[in-house]
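Presented below is the structure to which this report refers.
The values are calculated or read from the model by the stated rules, or taken from the named source; none is laboratory data. This structure is a prediction, so every number in the text was calculated from the model and none was measured. No Cβ is skipped: glycine too gets one built from the backbone with ideal geometry, and neighbour counts run over all protein chains shown. For the accessible areas, the whole protein counts, side chains as well, though only heavy atoms, and no ligand, DNA or RNA atoms are used. Shrake-Rupley method; radii C 1.70, N 1.55, O 1.52, S 1.80 Å.
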Amino acid sequence: MRIGASGFVRLPESIIDEARLGEEVQLRVVAAGILIECTSPPRAGWAEAAARLRGCDEDRLLDQPLGTDFDQTEWDWD
């Protein structure tokens, strides 16, 4: 839809949530059209969150790891 010399696109909330788009987005022209991207990189803030968990002694696995056939037959546990 056009408004004066500009246009706008209306996106359903479910698509915005699934794409994890924030309040600000970046638009890029690509060969097939226009690409709408989140301005923050994927996993932004994960390092800080991990550091907070480490500081609270909460950086451990929730479940015990399960062994695999590789662990039993192919890995040399010297």
- Take region 4-54 and flag every residue that is over 16 Å from the mean Cα position of the chain (by Cα), surrounded by 10 or more Cβ atoms within 10 Å (Cβ to Cβ) and in a helix (DSSP H, G or I). ALA51, ARG52, LEU53, ARG54
- Item | Output for region 59-69, where each listed residue is modelled with pLDDT of 80 or more and open to solvent by less than 100 Å² (accessible area, probe 1.4 Å) | ASP59, PRO65, THR68
